[in-house]
Structure formats: structure tokens, C-alpha cells
Amino acid sequence: MKKGLLILCIGFISIHMSAQGGMWIPLLLEQLNEDEMRGLGMEMSAEDIYNVNQSSLKDAIVHFGGFCTSELISPNGLLLTNHHCGYGQIQSHTTLENNYLEDGFWAGNYKEELPNPGLTATFIDRMEDVTHQVLADVTAGLDSKERQSRIDKNLEKVKAGIAKEEYQDVSIKPFFKGNQYFAFVTTTYRDVRLVGAPPSSIGKFGADTDNWVWPRHTGDFSLFRIYAGADNLPADYSEDNVPYTPKHYLPISLDGVEKGDFTLVFGFPGSTDQYLPSSAVRQIMEIIDPVRISIRDKSLAILDKAMRQSPETKIQYASKFARIANGWKKWIGEIQGLEESKALAKKDKYEAEFSELVNSKKAWTEKYGNLLRDMKVLYKDREPYAYAREYYAEVTSRNVEGLRVAGYFKSLLDRYANNGEAGFTDYAGRLKAYLEGFYKDYDASVDKEIFAALIQMYFEDVDPAYLPEDLYGEYTKVGTSVQAWAESIYSQSGITSWSNVLSWLEMEPAKAADLIKNDPLVGMYSKLAEAYHEKVEGNYEAINTQLTELQRIYMAAQMEVFPTRTFFPDANSTMRVTYGQVHGYAPRDAVYYDPVTYLDGVIEKYVPGDYEFDVPNRLLELYRSKDYGQYADSNGKVPVCFIGTNHTSGGNSGSPAIDAEGNLIGLNFDRVWEGTMSDINYDPSICRNIMVDIRYVLFIIDKYANASHLVDEMKLVHPKKK
């Protein structure tokens, strides 16, 4: 294994660079990527991007809440991210009286900035390659369980041995499917306050119709500020905290972008799977994505109808709808993109070449000769369980809120059974803090309708072998329709009422446990969960454990068999750099998309009163008077968005788009429809990331919101006018 690791590491360092694509580790840019980046137009050095001995770009890049990226844009801790990344916080401060979603929010001073309990901002202080330490004594003869056990022990030892300050944390993440490991020393700030957000008619302009689509005209940004203790270190929220003083913040270019300009996107992409075998990609296209799409079709239709009928419901469910719709539309585009880019044919061709090379050398044949065949068999075996698993997750965790809350209470019962009153009280306290906010945005009548629609799909589409044996009989006791059964369950369940749930959480544990056990929604969840765990989960996980190990070996095999090919580690929510250029693209015959959109396009799409394409009067006035300040392009128009060839994914939302010299030029927020398959098959001809032009952000802050005091904090530059 040590010998194999050595080959792997050498292969990793000596791989041939091809133009663009990839999510690269900042620590290794100097040895792997700097020459190519300069060839694409970059003028700064790799050390300007990542350096632990002096300030660099990495010190301005922030993991926002653990789910998005953000960046520092002033010496006073001002943080820029997407509107959709801050949406939950904006919504939490929104009421019918102060509708920040509809009207926007702009703090006039520090005292007006709004705290957000639980929101964090995390910096990467440094990275270390700890592969050799983590894989010490991990030999080729170990089975997967023994291998992981030895790795886990090593991880504890390595983590404990990494030098850090008291306020810092350490995490170690696997790369290349567990063939390589990096440690991350981080600092997390816990006082992050809302500073500004445009109205949704700007920050979410185009809403679901334009989501994942180009041309785009969305001002998808919001502003927050990091606060620290007097020593500039992390501190819990306090009125005595002061704005954080950063090691580095991004200067902002007012010169805009042109076709061919270098772009660097720096952030925390969530998850990609570039190196899956064709059998896995087929399962995604034919089983997993279609299940998710069909369930969310039903859920979104019900939510859309309810939100259009009630302004209060629209506020309650705006963030939830956006979250559900985002995945739904992405998966539709993913299937179409994989089909149109002929991803399976490419995979088949690649695997044929791999197999030919493997069979040309006896040592490779012995190690890797059966890999692809074995994975194909296992993916076929996994198929029925994968189908049932996706149904279970979509119904019980992602779409029916009553069942999700019932799951929490099932966990509460389990903790009471295992740990007595102490276990109950501890978890009840945590549930109370979470559920108080949850019920503010919960409508039992809407949830009941979703439950009825999705549970009927569950009965009709999932093999009865994977369902509770007596489930059908349960609802026939009530009547012949699932709707009547849903009415019976929701009318009798205490989960539909916050006051009732609160009483459970505050009463004597034994009494509460008896009431919870007999709740019909908890009972329903328990039956579904028991059947899933007994009939699906174990079989799925057993197969998946084998596949995970084979995928690790396949990853190492590819890097060994193709030593001159480009390999970058799949995204895993760790800090990455992706670079490219501003370019348009041709999605289909006789159609070409330019790389920049303008405010003119917002006005062209404007539909008065429409929840997706309405425009604030103030923005219309600015457009009509051409009152653009210093934010217009050389052609006298205000740029709104642009696209580039940067390889991005979920988690890159809010990532800065940085020019050749390290200045902020835009804010990443989406990908084009034709390229949503880039998590599985990045194709530079059609995969484009979508960015808000920073001049549109400044135009909205300054001219629309009259919040010039925020612009005054920033450093505005003209790098192209030297």
C-alpha cells in the first residue's frame, strides 16, 4: 500500500494540465496550476492566492454557515454572499409589518445590523497534506472495515498532533475517494449580522423560471458583517462585540469584464462525482434523479398554489419552496445535460481504453482486471434499494414536514428509552429551540395536502416488499381515499400545533412519552422508518460499502493507469480554486449566448405584479433617468450578470469571481441549464457558471438603496486603466 501511495502521489503531482476545468487545492497551485493560470491571463502569483506566512486571497474567503461561500470586502468585516445564501436569515427577520423579503433591508449603522443566532463564518488558516500519517500501516491486505478502523485510529492521532490555537479547530478530509488526506486548521466566528439585502424582486428576479437559466438578470447578493471580541477573536454574540478586522479583503474593480478575461472563483464547492463508472451514471439518470423529480413535481405544485393564494403562506414557504425547487430543476437539467453531452458514450469509451491498458500489464490485470465488471454488478444489485431509498428520503425528510418532525419525536422517544429522563430533557431542550422557529413557518393544511399526494405515490410506486405490511389496511379503516386518511391523521396529531408540541417538550418525560407514542403522525413515521431500516437500508448500505471500496480502488487505478491525464479531487466542501475565462456558448444549433447581460434585459422581462418578474418602482426610475453613477459600462449600460468557464458546484454559491490581479469582479451564484451535469461530467464547451457583475451589486447598494455608506467602506479600483 505504501508503494501504491507513492505512485499515486507522484502521479498527482506530475499530471498533465489541460485548459480549464477542475476544482484545485489552493495549497498545491504553485506546483500544479500556476503556469496554466498565467497562460489564461492571470497576473498574480500562486502565493498571492494561498499563503500562510502573509496575507493572501484565502484570508478573504469565508465558509458562510457551512453551506455557502462569502468574501470580505472591507476592512470592517463586511461580508458579501448571495441573496439565496442569506435568504433564511432575511426571512427570519421578516414579518408582515417589516417585510424584508419584499422590501429589502439596509442597516444605516452598526447598531441597526441584525444578529443571526447559529450563523457562522469560518476561515481556513492553513492546510496540510497528512496522507502518509493517516494511511500509516494501512496495508493492501485489509478488508474495508479493518482498513477504515485503522484509518479512524490514525485520524484521531493525527488530529490531536496538529498544532493549533485554543480558538482554532482541526478537521481532516479524504480526497480522491480516500486515497489522500488533508488537514484544515480553521477559525470560526459566531457573531454574524445582517447588513443589507435587496428586495426579492432584485435578489431573486426571475425566481424559478430563470433558475439555472441563461441569459440571467438576477441581483443575487446580500451583505453581512462578522463581529469579534475586543481581541479580534471569535466570541458569542454580544452588544460589546466589534466589527472584525480581516487579514485581507478584496478590492473591487469598476472596470468590468470582456470576453476572454481571466476569472478565478474561490470557495467551498459541496460535492461532485467526476470519476464514477458508467454503471453509476446510468443509475443516476434512470433511477435516482427521476424519482426525486417526480416527487417534487407534486410537492411544488401544491406549494405554488398555496403561496399564490395567501401572502402569509408565501412568506412562510418562500425559502422552503426555493430549496425544493432548486434541486428539482437541477436534476432535470442534469439528465438532459448528460444525455446531450453524450456522457455515457464518453464513459464507455474511457472505460474501454482503461480496460485495454489494464489488460496490457499483468500486475494491473491482477489488481484491476475485474473492477468495472464488479461495480456494474453491484450497481444493478443496488438499484431497487436505491429507488426505495430515494422515495423514503424525499417523503419523510425533504417534503412532508409533519413526517420530518415526527422523526424528531421518534428520536426523542429513543433517547428516553436509552438514557432516561436526562436523555429526554437534553434533546427536548434542543428540539424546543429549533422547533419554535420551525412552527413560525409551518402550515398544517398545506403539509397535509402534500402528505396525501406523496404518500399515495409512495404506495403506488414503491415495491410493497419495502413498505410496512399493514400500511394499506391502516387507511382503509378510515375510508377508500388517501385524502380522507390524511385528514384523519392530521386532525388527531399533536404535531400540527406548536402549543401542543411545546407542552410535550415541557411536561414530565414519562407522561410526554406516552402521548408521543400514541400520536398518529409519529406512528406513521415509525412504521415507514421501521420498514425502511429492516427492508432497505441494510441491503443498500451493504452494497454501498462494497461500492465505496471499489470506487477508491478505481480512483487509484485511473491515476496509475493514466499517469499523464488531468485528475483533480472531487469537491467535498473544502476550499478550492477553479479558474477559467469569460466566454459565451452555443447551447444548440444556430443559437449563441453572449457572456454579459444588462439592466435593459431586466426591463425587457418586467411583468408588473408578477411574483417572478416584477420590478421595484425605484429601479424603473433609475433606468428611465439613466441615473447609473459610476457603475455603467463603457457603452453606457449597467451590466447585471456574466458567465465564465469556471467549474463550480453547490457550495460555490456566494464565491467571489476574481480578476487576473486579485480584484473582485463578480459574485458566483448559479450554473447554466445546459451545464448542470457538470458535477458528473464537466464539458467546457457548454458548462458555464453564472456571476452577478459587482458593478450591479454596487449600483443597487448605492443608487437604489441610497446606502452609499457601505460603498464608502470598500476599496474601489480601476486595474485596466493603469
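Keeping to the stretch 146-174, report how many residues are within 23 Å of the chain's Cα centre (by Cα), farther than 17 Å from Ala136 by Cβ and hydrophobic (A, V, I, L, M, F, W, C). Walk me through how you get there before you give the answer.
Initial filter on the stretch 146-174 (within 23 Å of the chain's Cα centre (by Cα)): 169-174.
Now drop any that are not farther than 17 Å from Ala136 by Cβ, which leaves 169-171, 173.
Next, only the ones that are hydrophobic (A, V, I, L, M, F, W, C) stay: 170.
The qualifying residues number 1.
Identify, please: which residue in the stretch 344-389 is part of a helix (DSSP H, G or I) and among the small types (Gly, Ala, Ser) and is, among those, surrounded by the most Cβ atoms within 10 Å (Cβ to Cβ)? Steps first, answer last, please.
The first filter runs over the stretch 344-389 and keeps only residues part of a helix (DSSP H, G or I), leaving 344-358, 362-368, 371-389.
Filter once more, keeping what is among the small types (Gly, Ala, Ser): 345, 352, 355, 363, 386, 388.
Details: Ala345: 10, Ala352: 11, Ser355: 17, Ala363: 9, Ala386: 20, Ala388: 25.
The residue in question is Ala388.
Being within 25 Å of Gly651 (Cα to Cα), among the aromatic types (Phe, Trp, Tyr) and not assigned by TED's automatic domain parsing to the domain that holds Ala586 is a property that does not hold for Tyr350. Within the stretch 134-152, the set of residues being within 22 Å of Ala542 (Cα to Cα) and assigned to a helix (DSSP H, G or I) comprises Ser144, Lys145, Glu146, Arg147, Gln148, Ser149, Arg150, Ile151, Asp152.
Scanning the stretch 265-275 turns up at least one residue that is surrounded by fewer than 20 Cβ atoms within 10 Å (Cβ to Cβ), closer than 28 Å to Val692 by Cα, among the small types (Gly, Ala, Ser) and touching a residue at least 40 places away in the same chain (Cβ under 8 Å).
Touching a residue at least 12 places away in the same chain (Cβ under 8 Å), of a type in the set (Val, Ile, Thr) and touching a helix residue (DSSP H, G or I) at 6+ places or on another chain (Cβ under 9 Å): does that describe Ile162?
On the way: touching a residue at least 12 places away in the same chain (Cβ under 8 Å): yes; of a type in the set (Val, Ile, Thr): yes; touching a helix residue (DSSP H, G or I) at 6+ places or on another chain (Cβ under 9 Å): no.
No: the conditions fail for Ile162.
Just to check your reading of the model, which residue among Gly407, Gly473 is surrounded by 14 or more Cβ atoms within 10 Å (Cβ to Cβ) and either at pLDDT below 95 or in contact with a Phe, Trp or Tyr (Cβ under 8 Å, 6 or more places away or on another chain) (or both)? Steps first, please.
Values: Gly473 fails: surrounded by 14 or more Cβ atoms within 10 Å (Cβ to Cβ).
The match here is Gly407.
Scanning the stretch 240-247 finds no residues that are within 22 Å of the chain's Cα centre (by Cα), touching a residue at least 24 places away in the same chain (Cβ under 8 Å) and either in a loop (DSSP other than H, G, I, E, B) or outside the structural domain of Pro616 (by TED's automatic domain parsing) (or both). If the condition is being basic (Lys, Arg), in contact (Cβ under 8 Å) with a residue 60 or more places away in the chain and outside any helix (DSSP H, G or I), then the stretch 669-722 contributes Arg671, Arg688, Lys715. Scanning the stretch 573-589 for residues that are more than 17 Å from Cys641 (Cα to Cα) and in contact with a helix residue (DSSP H, G or I) (Cβ under 9 Å, 6 or more places away or on another chain) yields Met575, Arg576, Val577, Tyr579, Pro587, Arg588. Right, Gly654: modelled with pLDDT under 95, crowded, with 20+ Cβ neighbours inside 10 Å and either assigned by TED's automatic domain parsing to the domain that holds Glu102 or touching a Cys at 6+ places or on another chain (Cβ under 6 Å) (or both) or not? Criteria not met by Gly654.
Among what's in the stretch 292-326 and is among the small types (Gly, Ala, Ser) and at pLDDT below 90, pick the residue that is surrounded by the most Cβ atoms within 10 Å (Cβ to Cβ). Here the answer is Ala318.
Per-residue answers, yes or no, for (1) touching a Pro at 6+ places or on another chain (Cβ under 9 Å); (2) charged (D, E, K, R); (3) buried (at least 21 other Cβ atoms within 10 Å of the Cβ); (4) within 22 Å of Thr188 (Cα to Cα):
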| residue | (1), (2), (3), (4) |
| --- | --- |
| Asn53 | no, no, no, yes |
| Lys58 | yes, yes, yes, yes |
| His63 | no, no, yes, yes |
| Cys68 | no, no, yes, yes |
| Gly77 | yes, no, yes, yes |
| His84 | no, no, yes, yes |
| Tyr87 | no, no, yes, yes |
| His93 | no, no, no, no |
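Just one of the numbered conditions (1) under 19 Å from Glu113 (Cα atoms); (2) polar (S, T, N, Q); (3) outside any loop (DSSP other than H, G, I, E, B) is not true of Thr188: (1). Residues in the stretch 340-380 that are under 14 Å from Ala556 (Cα atoms) and touching a residue at least 60 places away in the same chain (Cβ under 8 Å): Phe354, Val358, Trp364, Lys367, Tyr368, Leu371, Leu372.
Can you report the number of residues in the stretch 427-447 which are of a type in the set (Ser, Thr, Tyr) and within 24 Å of the chain's Cα centre (by Cα)? Reasoning before the result, please.
Taking the stretch 427-447 as the starting set, the residues that turn out to be of a type in the set (Ser, Thr, Tyr) are 427, 434, 439, 442, 445.
If we keep only those that are within 24 Å of the chain's Cα centre (by Cα) too, we end up with 434, 442.
Qualifying residue count for the region: 2.
Yes or no, residue by residue, for (1) at negative phi; (2) in the same structural domain as Phe64 (by TED's automatic domain parsing); (3) surrounded by fewer than 24 Cβ atoms within 10 Å (Cβ to Cβ); (4) in contact with a strand residue (DSSP E or B) (Cβ under 7 Å, 6 or more places away or on another chain):
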| position | (1), (2), (3), (4) |
| --- | --- |
| Ile643 | yes, no, no, yes |
| Val672 | yes, no, yes, yes |
| Ser678 | yes, no, no, yes |
| Asp683 | yes, no, yes, no |
| Arg688 | yes, no, no, yes |
| Ile694 | yes, no, no, yes |
| Tyr704 | yes, no, yes, no |
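Does the stretch 248-257 contain at least one residue that is aromatic (Phe, Trp, Tyr) and within 23 Å of Gln89 (Cα to Cα)? The answer is no; no qualifying residue exists.
The values are calculated or read from the model by the stated rules, or taken from the named source; none is laboratory data. This one's a predicted model, so the numbers in the text were calculated from it and none came from an experiment. All Cβ positions, even for glycine, are placed from backbone atoms using ideal geometry, and neighbour counts span all protein chains on display.
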